[in-house]
1. Do the conditions hold for A:L537, that is, is it assigned by TED's automatic domain parsing to the domain that holds A:A881 and surrounded by 16 or more Cβ atoms within 10 Å (Cβ to Cβ)?
2. Within 27 Å of A:A779 (Cβ to Cβ), at pLDDT 90 or above and buried (at least 16 other Cβ atoms within 10 Å of the Cβ): does that describe A:L847?
3. Would you pick out the residues in the range B:43-66 that are under 25 Å from A:G57 (Cβ atoms) and part of a strand (DSSP E or B)?
4. Considering only the range A:634-671, how many residues are farther than 14 Å from A:I699 by Cα and assigned to a loop (DSSP other than H, G, I, E, B)?
5. Taking the stated definitions as given, is A:Y229 modelled with pLDDT under 90 and under 37 Å from the mean Cα position of the chain (by Cα)?
6. Tell me the residue from A:R69, A:R53 that is without any contact (Cβ under 8 Å) to a residue 12 or more places away in the chain, of a type outside the set (D, E) and farther than 30 Å from A:L391 by Cα, please.
7. Conditions first: (1) under 14 Å from the mean Cα position of the chain (by Cα); (2) more than 8 Å from chain A (Cβ to nearest Cβ); (3) modelled with pLDDT under 90; (4) closer than 30 Å to A:N11 by Cα. B:K46 passes all but one, so which condition is the exception?
8. Give the number of residues within the range B:29-42 that are over 11 Å from the mean Cα position of the chain (by Cα), small (G, A, S) and either in a helix (DSSP H, G or I) or within 23 Å of A:A51 (Cβ to Cβ) (or both).
Amino acid sequence: MISRLRALWNNVFHRKQLDRDLDEELQAYVELVSAEKVQAGADPEEAHRDARREMGGEHQVIQHVRDVRAGVWLDRLVQDVQYGVRTLAKNPAFTLVAMATLAIGIGANTAMFSLLDQVVLRLLPVSHPERLVIVRETGNHYGNSYGANTISWPMFEDLRDNNQVFSGMFSRFPATVTIGHGDRVAQIPAELVSGSYFPILGVGAALGRTIAPEDDAVPDSRPVVVLSYSFWRSYFDGDRTVVGRTITLNSQAMTVIGVAQPGFDGVELGVPAKVFVPIMMKTEMTPHSDGLKDRRRRLSWVTAYGRLKPGVSLEQAQLSLQPLMHSILQMEVQQPEFTRSTTVADRQLFLRNRVELLPGSENGLREYMRKPLWLLVALTAAVLLLASANLANLLLARATAREREFAVRLAIGAGRARIVRQLLLESLLLAGAGAVLGLALAFLADRILLRIYLPADAEFVVSPIPDGRVLAFVMGVMLLTSLVFGLLPAVRSSRTEITLSLKDRSGALSAGGISLRRMLVGIQVALSLLLLVGAGLFVRTLRNLESLGPGFPTDHLLAFTIDPSLNGYSDEETKSFYERLNVNLQTMPGVTSVGFSSMPLLKGYAWQNAVLGKDFEGAPIEEQPVLSEVGPDYFATLGIPIVAGRAFTAQDVGPAQYAVINETFAREYFPGRNPIGQRFGLVDDMEPVSPDTEVIGVIPDRKYRDLRETPPPQAYFPYFEGTHFRFMNVYLRTQADPRQIEDELRERMRQFDPHVPVVGLETMNEQIGFSLRTERLVASLSAVFGGLATLIAVIGLYGVMAYAVMRRTREIGIRMALGALRSNVIVMVMREVFLLIGAGLAAGIALALALADLIRSQIYGLSARDPLTFIGSAIVLTVAAGLAGFIPALRASGVDPTTALRQE
Amino acid sequence: MPAPQSDLLQGTLDLLILKALTLQQLHGMGVSRRIAQITGGAFDVKAGSLFPALHRMEQAGWLTSFWGESETNRRAKFYSLTKAGKKQLHTESERWERISLAMATALRTT
């Protein structure tokens, strides 16, 4: 083995020396042989000649020796590459077109893959992320929940202390905290973590230390905080003396004990945590909800993670956790707070809940982006396939032109395998050049996409710079593409008939795989129809969502969020803060109306709760109404009319309780009755409730959570009637363009209370635009890809028809000599063109119909098999391709019979 | 890396070259003449087969070479067996003996 490697090394790097040595060795041989002959009595000169002759051609011997040298394939490869580069350079137009096509195809794929990889595929930057799982409970938990993957703190403790399958478990809770550092007040995402969080993740500290189990043993005992590396760099300018210093979070003094390792921003991809705090400090970090000390098991708020023991698979773990979960559920189902708010049927349903384990790198953003990104990757793959078909076509045409060259090479003894190899190598060279250009293109494309797609202040880091995984992907794509477009022409060329090709054949071009080329064009037409249909569907989805809107006027509407409770304000102080703010903003010049709401509009959040009344009681979560608490002028500010009864007034404060409901609520809960004056109550697991909230008004159905929803039943309560006051969403209706008063508003708020930061100040239209960013991304990119695909297919069709016409020049000449009219010739060619288009369209439509179900969830306001879109796309494609086919048809009709016939 | 299963003819030439080099180191022509001598003139190895074989076997690590002086006082490349070469000679001889025995038996059977 080693001697072989040494030989390879010598053969590659000391070739000159080796050749000289070989020469000398052979000279010595000849001399020795002739000396032997001289000794036997021969004439010296004659002996020398004989010796040389006996050797049988010095060059052949040298060649034979070279052939056994290790790494001879390398020599041949270098030769082939040189030959390939020369051949490609001889035909720069072809080479440029091919490289550009590939660069666009590979570039688009790489750009999309890079996003997909970073958002959807990549695992968390922790040790052995594949062994990490999220532990969740399936089914209805019957209680309040902070999200689908959350469980109650007592359940987490039970699972942590009694499981056999994890080497450890931790839990986390995301919170927003106000950081006050000097006069730089800001709200930042924080992660409240159990003491085992850092050890189990295997995440270390870049500076100081991370949170240890003893920091998280006793509630409220250790006010310590770990900073994320990027936050330490940006907010504290990478100051190394920060460790040990005290900072203020939610008006609580906290000691910085360390900075986490670079690149680690918590376990939620979309919302990178800036600070990590022991979960035992929950009360201080979320002043209004104290889930930690709440021993009730009906409040789900922590996400639980486990690290699988070595040798335990996710499925095994899931299976072996079921009995434990079942025993927990059996205990819970007997607790008074459970029995109070549920029926017997509910309890049976509840006992069927199970443990489900999800991959630990799963998160909300991933869930949300998975389908759209895969869709875009599929679209780009189709574009690349189409580009490859086009290139295969070009190569087939070129192979026809090079038949003579191959025949010559075959005739002088090149093996057919060598010719296939040579052609594949040329394809690989093209694909390689295309990949390099494509990589550059992908970098640019990703930079532009990220700028459009992510808001300017986005904390979520997606980099356009390709990494090892992206490079590996490009390599794979490059090899695959070169095979796809190169193999067919290469194999065809190697079958060249020597005798046929070397004969003089001026005028008559060989068939050149014309049927194969037609088929490739058919595939291109089919694929571009597919992409055009997709583009049509997605663009119309976006238009539907934009034009339908939420149901209320969104122009001249400004929104922001604020939370004085995070500054340590008591309920009384917070309430007073809001009341004064309401008055203050109403007097602001340019503001016509101010509306307050506890829940944000069109941001995907909802407060849901079961309601009960005289003849209805409870409901599973999907059917529960969506609720909010609003200020007096809320409906007027949003421009939502009152269709029956009245809106809230400032006088609607205790002891009577009032509600405004929407039409769907009225229809579902008070069918056939006048809803005004009806009563209902909110189910509470703490105490039995009676239905004594009175309906005073009805509003029409308006969208609440997002633009795609069918408005759910909604109920609104007067905000200032409550007793707990937390964050507030403030909506301002303005006289002029709301962006003009943004700066003024900021300044006014700073004067109002410099310690309470204004968060997420933006116009309603900006907010809606942002909420449609995925739809916009998919629509705009699919439109670009569709256009590109059509262009490539049209060029491909033109190429094949032009070639077909050229090949038939003589035939056309004869026809015209025999009296065919120009129009006859045009019809003849166009018939072929439309046959090609028709076949492609048929295949494309069949394909699009078959794939429609896959994109159904991404479509809004029309069917995924929308006939108008299908027909429109087919017409666009037919016209474009028809025009491309008309050019060669016209040229054919201009053939001069005498010239055409003289060619032979 | 296991020794390549050389086909019969190439195997024969390799074996003869290895055998020719057991007693002394030889240059190319010396190997050729020695083979003629030990096979009673039955094999006359031509340069076109000899030198590729010598170079191939050197790369395989069975032979090693050095530049020495020939009987005509000329610089010539000499070959000698390496340890691996001796081992190869041993296994190849055994294999060859098995084959020739089998062949002889087969041919004697009527």
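1. Numbers: assigned by TED's automatic domain parsing to the domain that holds A:A881: yes; surrounded by 16 or more Cβ atoms within 10 Å (Cβ to Cβ): yes.
Yes, satisfied.
2. Working: within 27 Å of A:A779 (Cβ to Cβ): yes; at pLDDT 90 or above: yes; buried (at least 16 other Cβ atoms within 10 Å of the Cβ): yes.
Here the answer is yes, as A:L847 does meet what is asked.
3. At the first step, the residues of the range B:43-66 found to be under 25 Å from A:G57 (Cβ atoms) are B:43-59, B:63, B:65.
Residues satisfying the conditions are B:L63, B:S65.
4. Residues meeting the conditions: 10.
5. For A:Y229, the condition - modelled with pLDDT under 90 and under 37 Å from the mean Cα position of the chain (by Cα) - is not met.
6. Details: A:R69 fails: without any contact (Cβ under 8 Å) to a residue 12 or more places away in the chain.
Every option except A:R53 fails the conditions.
7. Looking at each condition in turn, B:K46 falls short on (2).
8. Filtering the range B:29-42 for residues over 11 Å from the mean Cα position of the chain (by Cα) gives B:29-30, B:33, B:36-42.
Remaining after also requiring small (G, A, S): B:30, B:36, B:40-42.
Okay, now just the ones that are also either in a helix (DSSP H, G or I) or within 23 Å of A:A51 (Cβ to Cβ) (or both), so B:30, B:36, B:41-42.
Matching residues across the range B:29-42 total 4.
The values are calculated or read from the model by the stated rules, or taken from the named source; none is laboratory data. Since this is a predicted model, take the numbers as computed values, not measurements. Note: ideal-geometry Cβ built from the backbone for every residue, glycine included; neighbour counts use all protein chains shown.
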